[in-house]
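Here's the structure, in structure tokens; my notes come after.
The values are calculated or read from the model by the stated rules, or taken from the named source; none is laboratory data. Keep in mind the model is a prediction, meaning the values are calculated, not measured. Note that we place each Cβ from the backbone using ideal geometry, even for glycine, and neighbour counts take in every protein chain shown. Side chains are part of the model used for accessible areas, which takes the heavy atoms of the whole protein and leaves out ligands, DNA and RNA. Shrake-Rupley method; radii C 1.70, N 1.55, O 1.52, S 1.80 Å.
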Amino acid sequence: MGHPTAATAFDTQGSHALTRYAGSRRSLQWAIGWSRALLVLLALSLAAPAWAQSTARAATQPVAKPRTVLVMGDSLSAAHGLASAQGWVALTADRIAKSHPGWKVVNASISGETTAGGASRIGAELARHSPEVVVIELGANDGLRGLPLAQTRENLDRMIRASKAAGARVLLVGMRMPPNLGARYTEGFAANYTALADTHGVSLLPFLLEPIARDRANFQADNLHPVASAQPRLRDHVWPLLEPLLD
């Protein structure tokens, strides 16, 4: 075969040069791509510990527990004869949820409860709910049964002492007895609440039923338990003394 012409030589050499250039360019692009990938991985590796620490802090940060109002009462607070949502305690819980976020109400009231029953339960209820405020609405069933005034006072005293020892603020809600029990008993019954509030320095609502007591239409057929339409008035009666305890 003859010698290659200049054009042929150029084509051959140029082809090799172009091949080498293309290969070099691909190598350079690969190197640049790999370098970028390394930079991304490095950035992620630097960010990961901070992200992990932030996530761990969020996971371990305690969620604020709602503060609790514990109501220890009898049928007057247990919405006897009504749906529970109609009672003054549930209505108060609704108001608190709107006006004081972070608070909740636990209604531990039992129909027929006496002060002796409340005194026997208070320790377990305090341990279970750790309340910041305790509302004690008991004594009506003691009075209707004619139980000794000293016994009623001692039971309420135990409940107040236990609540304060647990760090709770106390609202004592009193009752009044009908005059047929005799002036000495009815006056002594009312005086129990005043004396206990003074002794322990707790808030006192002297008579839960005061806003509705004079109108028979406010009571169910038994003439003892308020009807649903009277419950908002009881809520509003308790509220001025309860609300300051939520601060």
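Being of a type in the set (D, E, K, R) and in contact with a Leu (Cβ under 9 Å, 6 or more places away or on another chain): is that true of residue 176 here? Yes. Selection of the stretch 143-161 for residues being farther than 17 Å from residue 241 by Cα and open to solvent by less than 30 Å² (accessible area, probe 1.4 Å) yields 143, 152, 155, 156, 159. Only one of the numbered conditions (1) open to solvent by 40 Å² or more (accessible area, probe 1.4 Å); (2) without any contact (Cβ under 8 Å) to a residue 60 or more places away in the chain is violated by residue 235, and that is (2). Taking the listed residues 124, 165, 140, 221, the one that is within 19 Å of residue 80 (Cβ to Cβ), among the hydrophobic types (A, V, I, L, M, F, W, C) and surrounded by fewer than 14 Cβ atoms within 10 Å (Cβ to Cβ) is 221, with no other qualifying.
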